[in-house]
Structure formats: C-alpha cells, structure tokens
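> One structure is given below, represented as structure tokens, and several questions about it will come after.
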Amino acid sequence: MAGSSKGEGRIGLLNGFAAYGMWGLVPLFWPLLKPAGAVEILAHRMVWSLAFVAAALVVVRRWAWAGELLRQPRRLALVVIAAAVITVNWGVYIWAVNSGHVVEASLGYFINPLVTIAMGVLILKERLRPAQWAAVGIGLAAVLVLTVGYGRPPWISLCLAFSFATYGLVKKKVNLGGVESLAAETAIQFLPALGYLLWLSAHGGATFASEGAGHAALLASTGVVTALPLVCFGAAAIRVPLSTLGLLQYLAPVFQFLLGVVYFGEEMPAERWAGFGLVWLALVLLTADAWRSARRPKHVVEVPPVSQVPSAAMDV
C-alpha cells in the first residue's frame, strides 16, 4: 500500500509539472497563430475548446453534472460570470503575448495570489495573519514601483490578476471539476465566438481558410492547448497535497518571465527588477507562512479560507 501511495504521489507530481509547465511555455504558442489577431484567436480558442472537452466527456460518459447544473439557476448564473471573466483573461493574455508584453503578463500571475488574498479580506471579510498582511503591503509597494518603471500602471498585469482571482473565486462557488467547468464555460462562449468568426469570414477578415492548412490546424489546436493542461492538473490535484500545488503554481509565471526576458528579449530596466523583486519577496513571505501553517499539528490547523487556497488552474 505504501508503494502504491508513493507511486500515486509520483504520478501526481509529474502531472503537476506537466500542467504548469505547459501553462508556462504557452507564450511560445500564441505567436505561431499570426497573422490572426487576438480576438480571432480568442474566438477559435472558445470554439475548439468546447469541441475538445465535449469529445472527452463523450468518451468518459460524464454528463450527469450538466443536467444538475441546468436545474440550478444560481450556479448557472455563476458559470456565466466565470465565462465572462475568463474571456477577458484569455483575450488580454493573448493580446499581451502577441504584442510583446510577456514579462508584464507573467507579473499578473505572480501577483494573483496577493490579489486573491486582498479580495478575501474585502469581499469575504476574512482575517489575515501578520505575514499575509505584510505580503499584501509589499505587493502594493511593488505595483507603485512598477508604475514608475513602466511610466504607467501595469494594467496588463492588474487586469490578468484581478480577472483570474475573480474567476477562481467564482469557480470555487460553482464547485465543478476542471473539465466539466471548461465545458460549461465554453458552451456559453460558443455561440458568440462562432458568430464572430462567421461575421469575420463574411467580411474577408478571417485567416482560418486563407493562410493554409497548417495555420488552420494551429487554430484548431487551441482547444488541445487549453484543455490538456487542465486534464493534467486534475490528475495532480487528486494525488498531491494542496501545499505542493501551491508551490507548483509559481512554475508557470517563472517560465513565462524567463521566456519574456531571455527568448523574446523584452527590456528589464532597474525599476522593473526592483518591482519584480518586491513581488517575489511578498510571495516568499506568503509561501513560508502557508508552509508553516500546513506543518502545524493537526489539532491546531484551521481550515484555510477561500482566499488562501491555490487557484484551481491557470487558464492562460
């Protein structure tokens, strides 16, 4: 039994690394879809993601959740909100990567845990420990430093962080699995996305049929790129501790940051290094506090509030 448990843990870790690794390397994929614009790519992502997850659900014959969801208007309304928020997140991320803002996009996912905690205080009236207050304060200082460094607020980062934090909060309320949640959200996105693609094609602006079979295949593969990391994440989530997932979630923005600086050659003046350094310091404080809390004796461990639980997945 112990060997089986170790084997399961190893499988979970491998799937966790695979999921966050794919999310971290996704900035290499979106530029391949040019000359398609960000909105066209976004629409294809919605359409093909639904096709992919629907096919997966047919194979595993997992449809009972859909009937239950349709009978619960409140949960369905939350799914609509989640679909709207993740649409903003996906669109901004694709535009940021293809416009040369990979580093700023990575910052959004670095500060997302801090924004999630701040939302927990403001919306859910949660109480923070001193280390968490310190982390949030340092995060605010980092945003001010980066505002000076960029000559403007890092709106791409803030938009990604706030949209994803809101998405995570709503998803926890809906309480659907990763693949089921993606299926429900893309089902809501499908008709507007398909309508836009048909309109774009009618006006001669679509690239799906005009740039060759390879380009069309790449656009269609956006469904796989969206859903496959979620499948790996789901396999990891049931096999590894929440604290481990909390550490693994930083792999994706680290990879994105390194790609932006090393591969895409984006500028990093001293003010930006200072801002990122403050963010990383805040995350070290946050992670150390979470780790210390998780290692307390079981009889004194409290159930973590919503804002302190790692986000279900990075939908980038």
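> With an 8 Å Cα cut-off and a minimum separation of 6 or more residues, compute the relative contact order for the chain in percent. Mind dumping the intermediate values first?
Values: 389 pairs, mean separation 126.7, N = 316.
Averaging sequence separation for qualifying contacts and normalising by length gives 40 percent for the chain.
> Moving on to the next point. Sum -39500 (n - 2.57) across every DSSP H segment of at least 4 residues in the chain, then divide by the residue count to get the 222 nm mean residue ellipticity, nearest 500. Present the calculation step by step, with values, prior to reporting the outcome.
Values: 13 runs with 231 residues, N = 316.
Calculated from helices alone, the mean residue ellipticity at 222 nm is -24500 deg cm²/dmol.
> Between ARG292 and ARG10, what is the FRET efficiency for a Förster distance of 45 Å, r being their Cβ-Cβ separation, to the nearest 0.05?
Between ARG292 and ARG10 the formula returns 0.95.
> Here is a further query. Measuring from centroid to centroid over Cα atoms, what is the spacing of the stretch 10-50 and the stretch 243-286 in Å?
Centre-to-centre (Cα) distance: 19 Å.
> A further question follows. Shape of the chain from its Cα gyration tensor (a ≥ b ≥ c, root eigenvalues): rounded if a/c is under 1.5, otherwise prolate when a/b > b/c, or oblate?
Taking the square roots of the gyration eigenvalues as a ≥ b ≥ c, the chain is oblate.
> Check the straight Cα-Cα distances from LYS172 and name the aspartates and glutamates below 16 Å, setting aside those fewer than 8 residues away within the same chain.
GLU126, GLU180, GLU185, ASP315
> While we're looking at this one, here's another question. Expressed as a whole percent, how much of the Cα-Cα distance distribution for the stretch 209-258 exceeds 12 Å?
Values: 891 of 1225 pairs.
In whole percent, the long-distance tail amounts to 73.
Bear in mind these aren't lab numbers, they're just calculated from the coordinates by the rules spelled out. None of these values were measured; they are calculated from a predicted model. Cβ coordinates were reconstructed from backbone atoms using ideal geometry, including for glycine residues, and neighbour counts include every protein chain displayed.
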